[in-house]
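Engineer: Have a look at the structure that comes next, please.
Laboratory data are not the source of any read-out in this text; all were calculated from the coordinates shown. Since the structure is predicted, the reported quantities are computational estimates derived from the model, not experimental observations. Note that each Cβ is placed from the backbone with ideal geometry, even for glycine, and that neighbours are counted across all protein chains shown.
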Amino acid sequence: MKYIQNKKGLSLLLMMITTGGLYAQNYTGESTPITPPALIGVMGVLALVLLFVVIALLVAMANLPNLFKETPQNNKNNTSANSLIIFFLAGVLSLGSVYAQAPADSAAVASGGAIENIMKGNINVFDVSFWILFVVVICEILVILGIAILWLSRLFNAENRLAAEKGGVRLSWWERFNDSKSLQEEKNIQLDHVYDGIRELDNSLPPWWLYGFYVSILFSAIYIWRYHIVYTAPLSEEEYNIAVNEGEIAKSEYMKKSSGGSTKAIDENSVELLADASDISAGKSLYTVNCVTCHGSLGEGGVGPNFTDEYWIHGGSIKDVFKLIKYGAPEKGMVPWKDNFSPKQIAQIASFIKSLKGTNPPKAKEPQGDLYKEETTASAAPPSADSTKTGADSPKK
Amino acid sequence: MDFTLNRNADLHNSGGGVMEKFYYDNQTVKLFGYATLFWGVIGMLAGLWIALELVWPSLNFGFAPITFGRLRPVHTNAVVFCFFGNGIFMGVYYSLQRLCKARMFSDTLSKVHFWGWQLIIAAAAATLLMGFNTSKEYAELEWPIDVAITLVWVIFGVNLMGTILKRRERHLYVAIWFYIATWITVAMLHIVNSIEIPVSLFKSYSWYAGVQDALVQWWYGHNAVAFFLTTPYLGLMYYFLPKAAERPVYSYRLSIIHFWALIFIYIWAGPHHLLYTALPDWAQSLGTVFSVMLLAPSWGGMINGLFTLRGAWDKVRESAVLKFMVVAITAYGMATFEGPLLSLKNVNAISHYTDWTIAHVHVGALGWNGFLTFGVIYWLIPKMFRTKLYSEGLANTHFWIGTLGIVFYAVPLYWAGWTQSMMWKQFTPEGQLQYQFLETVNYIIPMYALRALGGLLFLTGVLIGIYNLVKTVKMGDFIANEPAEAMPLSVATANGHSGEHWHRWIERRPVQMLIGSLVVVAIGGLIELVPTFLVNSNVPTIASVKPYTPLELHGRDIYQREGCYLCHSQMIRPFRDEVARYGEYSKAGEFVYDHPFQWGSKRTGPDLARIGGKYPDSWHYNHMLEPSSMAPGSIMPTYPWLFDDEIDKSKTEGIIRAMQTLGVPYPEGYDQQANKELDEQAMHIVESLKKDKITTKKEKEIVALIAYLQRMGKDIKNASTSNP
């Protein structure tokens, strides 16, 4: 009877989990083309560990009846339980494979991996936090498993029985560790009061607990001392400034390296129209993810203006478009994208947008802004002329 | 029936009283037990539904009451105050009588308490679904219900203390210490946090604003966890675990130390919910260090629970009740270990605003509170019905499915939280944010699906449990008034005896225990709250920050009503990535007119502190009507009713006057011209929408909401901070 209930529970689980797995696979398959960062590789390992726990729990669950009934008739059921477990595991693993793929994909992405960083000796605060999380989760798992093992084995009882048989008092390492009195000596520390049948012992405080408490108090005193008395640890604002500086340094170093020493970075003064097909298609894919909601999938306009006509609100040169994407026009609702895209990417998007002119998509929005006539050699246009035109930035109507 | 006393059995009570016969009230216990199960299922169904809405946002069907922002407070309130609340009352009413050797003080008060609490719950559910929401998490109920809660809580307190005062047991057992501390602290928290100024029957504004409101709210919110989900449950553990295991409690002196340390330290830890916010640094640091110091006192309870099972582990294998309790206590240990870690700033920088927090609370809620409640119910019901549990096998099935449910719930969310946070913080080598917010959301949706599965498993277990209990009840023979007998208290024991433990003194004095608890819990609160209110430098004023316009205030009311704060923060932390993503980090002075504050605690969607002016009005219009039209892949629900319902302009005057009472500097007589200004501003928005070919009326709620959204964060542009 009991067992049937269990089996029902299991098959129900099985159904739900396999469908969940399918869903997850489909989902990651079609909607997240972006490669996850390398850190997810680490999470993949963690994921496998966690799946392992789930499996262990399931095995325990399926074997549960055997713990309570030790009659032979269970043997038959046991085999079917095992096949169920195998079936179930298949479901779980298919689900795990979603994540298992992630590390492989992302191995190419060099930056950000916690393990890599630590191996390289670049320990930063997030890596440390990662390990803290890791330890928390592992601890939690260990505790669950520990509890399971505790009641599966008869650790304590066996030892105590042994001690009782010998007639002497023998403390296990665990009891010594906690400074507990043995079960045999319990009557010596039993207090004389009884509350509705509940008695209380008067074991000493476990030493590790007590000293742990002291240590936490000491930690707190040092913490306050460092942050608020001698100021040797950075408070939020200072921490922010440090992070921004570090970011700037890392960025400029990267820029130096990637541009081969020449510090010439792309900005609104130096940008040129890109004609390369690969740049245009890179621009198109960024456009598709980030811009279509306001400007339409074909540049026909929507909340934002139409890109396919010859009219521009903020100027139509590549420099104007670049500048507008970079800094936005908040009063008109255009978002600044400088923190989201690199200058190269902005140039790609701007070039793609410029390539849309004259495509005449259906449902095109009416022209807005001023007529912009392409200079004969757009890329060679004197920057000063453009920047003064857009610099006015006044078409408020 | 004649009952002669047995003097020999009672040498301690040498006063020589006569054995008194009396009856324990099981009826109230039973009712609270049924209510626990009923509201548990309702609360979990609401939770499951909103979990599914995060995967399939269309599940709100465009219907306001089942939209995430309204159903989520129903879920949290139902689970915390109805499922666990009734569970606490069930356990307290059962154990208190037996520990005091007395029937409850008054049957009438017991009845009023039970039915009053259920009425409050019904009213709470109805009003929350209708959108009456103060927007203070776990204290979302509007002022009439707050008043009712206070009354019923006082009734509970009278019944509790009355029973204790007429007890036949000289000393108070540790469970009762926890009950007393719970009662007095919850009363203090509820009253202080609920101070609000009513505008109408179901609308009020928090007395506090901005930083102060945030501090009070999280002082409350954190200690609701402490004194509603921890201390009463520790009390239950101290009674039901030794009863079920038939073992003595491990250590009396550990009980004493961890009880007083726990209630003293817990109350300080609230600011750890506000790390890196505009809360003054000193308060944040107090939150961190007291959270770290909280670990040992919390674990004291776990140790005393688990070690009480020494010599009874073979019973754990056999008894579902003990299994539930063991996992509950273990989950308590895990959650209280994780809590201090999450309070460290470097960990909090990652975990906060993510699903990590949600996973963390659910280990506590599902594991500790949920499983302990079921352990207690499985033990109690057969006892009161004088029978055995219908099926030990079903109870074990419930246990295992529930455990699996917890794992499936928590693990994907830990993972989701960590991953998303890392993605938020990821910069490209060129110094740009690598991921758009929406990409990070879409990446973790599979984890949300698994979490919903975990919730479904847990709920399935509960339903199996209810079936089992119904069958047990049908088999049994309920004993509404359980006979008992005990000697009355004698004068001789009133002063204790020499050589007794020093703590015995207060165990004989419930009133001193009550006052002592209050003093101990008041210290931390006072030290944190008072300076934040009185010392000006804690909230440097910003000259350019101006009060909201009447239309914006209406928009803000709508923002609260729809529970926007549940998925969107309004607090940009001083992190490189947040400043890059959202703009200049938030300053304390920006929130001085925010009654109540709207900082939020979770970012299912992006931060909105500086959303004003980022998008055109038409973007917001389209986005509220169909979020995925402006943000493909968004999991935000649709809000079609905002386009039909109209702003209640009759309330404007009252709102302005209430704000004036709260110290918002509107000019004298402004309430009279407020609606005129409201119309003008609304007309402006209608015209700007018209430019984008959108036609709407200026009376529609969406116009007010757009006004509020477009205002957010604008004050500080070109602002200068000045320290008075």
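Engineer: Quick one: which of B:K587/B:K700; B:K203/B:K700; B:K166/B:K471; B:K425/B:K614 span more than 29 angstrom between C-alpha atoms? Numbers along the way, then the final one.
Structural biologist: On the way: B:K587/B:K700 32 Å; B:K203/B:K700 20 Å; B:K166/B:K471 37 Å; B:K425/B:K614 21 Å.
In this structure, B:K587/B:K700; B:K166/B:K471 exceed 29 Å between Cα atoms.
Engineer: Follow-up question, since we're still on this one. Along each of the three principal axes of the Cα atoms of segment B:573-724, give the extent in whole Å, ordering the values from largest to smallest.
Structural biologist: The principal-axis extents, from largest down, are 45, 42, 27 Å.
Engineer: Run the reach check for B:K383 against aspartates and glutamates, Cα to Cα strictly under 17 Å, same-chain hits fewer than 8 apart removed. What comes back?
Structural biologist: Once the sequence-local aspartates and glutamates are set aside, what remains near B:K383 is A:D196, B:D25, B:E246, B:E392, B:D477, B:E482.
Engineer: What residue among B:A209, B:V703, B:S351 has its Cα farthest toward the positive end of the dipole of chain B, where the charges are +1 on Lys, Arg and -1 on Asp, Glu, each on the Cβ?
Structural biologist: Looking along the dipole axis, the top candidate is B:S351.
Engineer: Of the listed peptides B:143-152, B:618-627, B:496-505, what is their order by residue-averaged count of other C-beta atoms within 10 Å, with the highest listed first?
Structural biologist: On the way: B:143-152: 17.4, B:618-627: 21.2, B:496-505: 11.3.
Per-residue mean Cβ counts within 10 Å order the peptides as B:618-627, B:143-152, B:496-505.
Engineer: If amide hydrogens are placed 1.01 Å from N in the peptide plane, which non-local residues have theirs closer than 5 Å to the one on B:V249?
Structural biologist: The answer is A:R199, A:E200, A:L201.
Engineer: Also, quick follow-up: Skipping prolines and chain starts, which residues have an amide H placed within reach, meaning under 5 Å, of the one on B:Y24, given they are 5 or more residues away or on another chain?
Structural biologist: Answer set, sorted by chain and number: B:E482, B:A484.
Engineer: Sort out for me the Cα centre separation of segment B:126-177 from segment A:322-336, rounded to whole Å.
Structural biologist: Value for the Cα centre distance between the two parts: 53 Å.
Engineer: A:A329's amide H: which non-local residues (gap 5+, or another chain) put their own amide H closer than 5 Å, with H modeled 1.01 Å from N in plane and none for Pro or chain starts?
Structural biologist: Under 5 Å from the amide H of A:A329 lie the amide H atoms of A:M334, A:V335, each far enough along the sequence or on another chain.
Engineer: Label points 7 Å out from Cα along the Cβ direction at A:S297 and B:E680: separation in nm?
Structural biologist: With each label point 7 Å from Cα toward Cβ, the separation is 4.5 nm.
Engineer: Could you work out, residue by residue across A:212-221, how many beta carbons of other chains sit within 10 Å of that residue's beta carbon, and then give the average as an integer? Intermediate values should be presented prior to the final figure.
Structural biologist: On the way: counts 3, 9, 1, 4, 11, 5, 1, 5, 8, 2.
Taking all residues of A:212-221 together, the mean is 5.
Engineer: Report the calculated FRET efficiency for A:D276 and B:S628 (r = Cβ-Cβ distance, R0 = 30 Å), to the nearest 0.05.
Structural biologist: Details: r = 33 Å, r/R0 = 1.11.
Once rounded, the FRET efficiency stands at 0.35.
Engineer: Could you calculate the FRET efficiency of B:Y467 with B:V530 from 1/(1 + (r/R0)^6), where r is the beta carbon distance between them and R0 is 60 Å, rounded to 0.05?
Structural biologist: Calculated value: 0.70.
Engineer: Computed from the mean reciprocal separation of all distinct C-alpha pairs, what Kirkwood hydrodynamic radius does chain B have, in Å?
Structural biologist: Details: mean 1/r = 0.0370 Å⁻¹.
For chain B, inverting the mean 1/r across all distinct Cα pairs yields 27.1 Å.
Engineer: Something else now. Between their Cα atoms, which of A:K332/B:K714; A:K251/A:K332; B:K690/B:K714; A:K344/B:K714; A:K187/B:K315; B:K315/B:K388 are more than 26 Å away from each other? Don't skip to the answer; put the middle values down first.
Structural biologist: Numbers: A:K332/B:K714 15 Å; A:K251/A:K332 31 Å; B:K690/B:K714 23 Å; A:K344/B:K714 31 Å; A:K187/B:K315 21 Å; B:K315/B:K388 16 Å.
Exceeds cut-off: A:K251/A:K332; A:K344/B:K714.
Engineer: A follow-up question, please. Relative contact order for segment B:550-711: what is it in percent, counting Cα pairs under 8 Å that are at least 6 residues apart?
Structural biologist: 33
Engineer: Which ordering of B:R317, B:R98 is given by a fewest-first count of other beta-carbon atoms within 10 Å?
Structural biologist: Working: B:R317 16, B:R98 20.
So the residues, fewest neighbours to most, are B:R317, B:R98.
Engineer: Counting only other chains, and only Cβ atoms inside 10 Å, what mean value do you get across the residues of B:408-415?
Structural biologist: 5
Engineer: Quick one: if you stick a label point 7 Å off each Cα along the C-beta vector at A:Q184 and B:R509, how many nm between them?
Structural biologist: With each label point 7 Å from Cα toward Cβ, the separation is 4.3 nm.
Engineer: While we're here: Per residue of chain B, what 222 nm ellipticity follows from adding -39500 (n - 2.57) for every DSSP H run with n ≥ 4, rounded to the nearest 500?
Structural biologist: Details: 26 runs with 432 residues, N = 724.
Computed mean residue ellipticity for chain B: -20000 deg cm²/dmol.
Engineer: Would you mind putting A:359-369, B:31-41 in packing order, based on average other-beta-carbon counts within 10 Å, highest first? Intermediate values should be presented prior to the final figure.
Structural biologist: Details: A:359-369: 14.1, B:31-41: 21.5.
Descending mean neighbour count gives B:31-41, A:359-369.
Engineer: Moving on to the next point. How large is ³J(HN,Hα) for each residue in segment A:222-238, as worked out from phi by the Karplus curve 6.51 cos²θ - 1.76 cosθ + 1.60 (θ = phi - 60°), to whole Hz, x for Gly and Pro?
Structural biologist: 5, 4, 5, 4, 5, 7, 10, 10, 9, 6, 9, 10, x, 7, 3, 5, 5
Engineer: Continuing with the same structure: Given the Cα-Cα distance of B:V158 and B:T108 and 0.36 nm per residue of separation, how much length would full extension add, in nm? Could you put the intermediate results ahead of the total?
Structural biologist: Details: separation 50, 0.36 × 50 = 18.00 nm, distance 1.15 nm.
Between B:V158 and B:T108, full extension yields 16.8 nm more.
Engineer: Moving on to the next point. How much length is gained if the chain between B:K166 and B:E668 is pulled fully straight, taking 0.36 nm per residue apart and subtracting their Cα-Cα distance, in nm to one decimal?
Structural biologist: Details: separation 502, 0.36 × 502 = 180.72 nm, distance 5.72 nm.
Value of the extension gain: 175.0 nm.
Engineer: If you don't mind, another one. Between A:N360 and B:T661, what FRET efficiency follows from the Cβ-Cβ distance if R0 is 56 Å, with the result rounded to 0.05?
Structural biologist: On the way: r = 61 Å, r/R0 = 1.08.
Once rounded, the FRET efficiency stands at 0.40.
Engineer: Also, quick follow-up: For the residue pair A:S258 and A:F219, what label-to-label distance in nm results when each label sits 7 Å from Cα along the Cα-to-beta-carbon direction?
Structural biologist: It is 4.0 nm.
Engineer: Using the 2.2 N^0.38 Å rule of thumb for compact globular proteins, work out how segment B:160-238 stacks up: its C-alpha Rg over that value, please. It would help to have the intermediate numbers written out before the result.
Structural biologist: Details: Rg = 16.5 Å, N = 79, 2.2 N^0.38 = 11.6 Å.
Compactness ratio reported: 1.42.
Engineer: Please compute, for peptide B:690-697, the average count of beta-carbon atoms on other protein chains lying within 10 Å of each residue's beta-carbon.
Structural biologist: On the way: counts 0, 1, 5, 4, 1, 0, 0, 0.
Mean partner shielding for this stretch: 1.
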